[in-house]
Amino acid sequence: MNQEEDPELAIIKARKMKQLKEKAALIEKVKEDKMKTNVTKMDDRELLLKYLYDRGDQVLQLAESQYPVQTKIIVKRIVDLIKSGEIDSNISGGELLAIFRSVGLRIRVDTNIRIEEHGKFISFGEKLKEGI
């Protein structure tokens, strides 16, 4: 009689162990998914910064200060395009500025035109004043 119970008991224990392993795996997967979504939300800006060059970071910073809500949406879309592989090259500051302007956001960028004269840089305005 003891021998008949042992195989049944072993089967029951095996089922229980299988259920516990599946439950533990499911809990682990849910934790990983939560961490991935939190990381991707925080890292969208950082990922975009890795693709920016030639004052792209400055353009992004200006856009965030002038249009914070719209910039978050645009950054998310650009990052989605990067992740899907549609954008595979780096983005210059001028290209990023063009993207913002193409959707109607007029990002104000301070520009200075300087001219080198006798080893010194002077502003374009000063050069015009000298000429007059």
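Some notes on this structure:
- Helix axis angle, 2-51 relative to the chain longest principal axis, alpha carbon, degrees: 0
- Between LEU49 and LYS21, the modelled labels are 4.4 nm apart [label points 7 Å from Cα along Cα→Cβ].
- Cα extents of the range 6-132 along the three principal axes, largest first (Å): 107, 33, 24
- Relative contact order, percent, the chain [alpha-carbon distance under 8 Å, six or more residues apart]: 20
Bear in mind these aren't lab numbers, they're just calculated from the coordinates by the rules spelled out. Not measured: the values here are computed from a predicted model. In this analysis, Cβ positions are derived from the backbone assuming ideal geometry, glycine residues included, and neighbour counts consider all displayed protein chains.
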